[in-house]
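Contents: one structure, followed by commentary.
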Amino acid sequence: DPDKYQFGKTKIFFRAGQVAYLEKLRADKLRAACIRIQKTIRCWLARKKYLRMKHAATTIQRYVRGYQAR
């Protein structure tokens, strides 16, 4: 809306409350980006842990089945 801001020659002038609204939008975007980064890292760490446990379980099963076959 043109009634919420006005362009000067070198500056932009905002009406009361508009800077706070823009800062809120900025903070929300930043929070969403942080959450996405945390989600990706936590997923990667959990998958890494799961694959390590899966490999350990199959190794134990391999040795036990080899022992039982003899």
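The values are calculated or read from the model by the stated rules, or taken from the named source; none is laboratory data. Being a predicted model, the structure only gives us computed values, none of them experimental. Reconstructed Cβ throughout: ideal geometry from the backbone, glycine too, with neighbour counts over all protein chains shown. Accessible surface is based on the protein model in full, side chains and every heavy atom, while ligands, DNA and RNA are left aside. Shrake-Rupley method; radii C 1.70, N 1.55, O 1.52, S 1.80 Å.
The number of residues in segment 1-14 being open to solvent by less than 90 Å² (accessible area, probe 1.4 Å) and outside any strand (DSSP E or B) comes to 2. The residue pairs whose first member lies in segment 15-29 and is within 20 Å of Asp3 (Cα to Cα) and in contact (Cβ under 8 Å) with a residue 12 or more places away in the chain, whose second member is charged (D, E, K, R) and part of a loop (DSSP other than H, G, I, E, B), and whose beta carbons are closer than 6 Å, counting only pairs six or more residues apart or on different chains, are Arg15/Lys4; Gln18/Lys4.
If the condition is being farther than 30 Å from Ile12 by Cα and either in contact with an Asp or Glu (Cβ under 7 Å, 6 or more places away or on another chain) or of a type outside the set (A, V, I, L, M, F, W, C) (or both), then segment 22-56 contributes Arg36, Gln38, Lys39, Thr40, Arg42, Arg47, Lys48, Lys49, Tyr50, Arg52, Lys54, His55.
Taking segment 15-29 on its own, how many of its residues are open to solvent by less than 90 Å² (accessible area, probe 1.4 Å) and either of a type in the set (Phe, Trp, Tyr) or not in a helix (DSSP H, G or I) (or both)? Please lay out each step first, then the result.
Taking segment 15-29 as the starting set, the residues that turn out to be open to solvent by less than 90 Å² (accessible area, probe 1.4 Å) are 17-20, 22, 25, 27-28.
Imposing the further condition that a residue be either of a type in the set (Phe, Trp, Tyr) or not in a helix (DSSP H, G or I) (or both) reduces the set to 17.
Looking only at that region, the number is 1.
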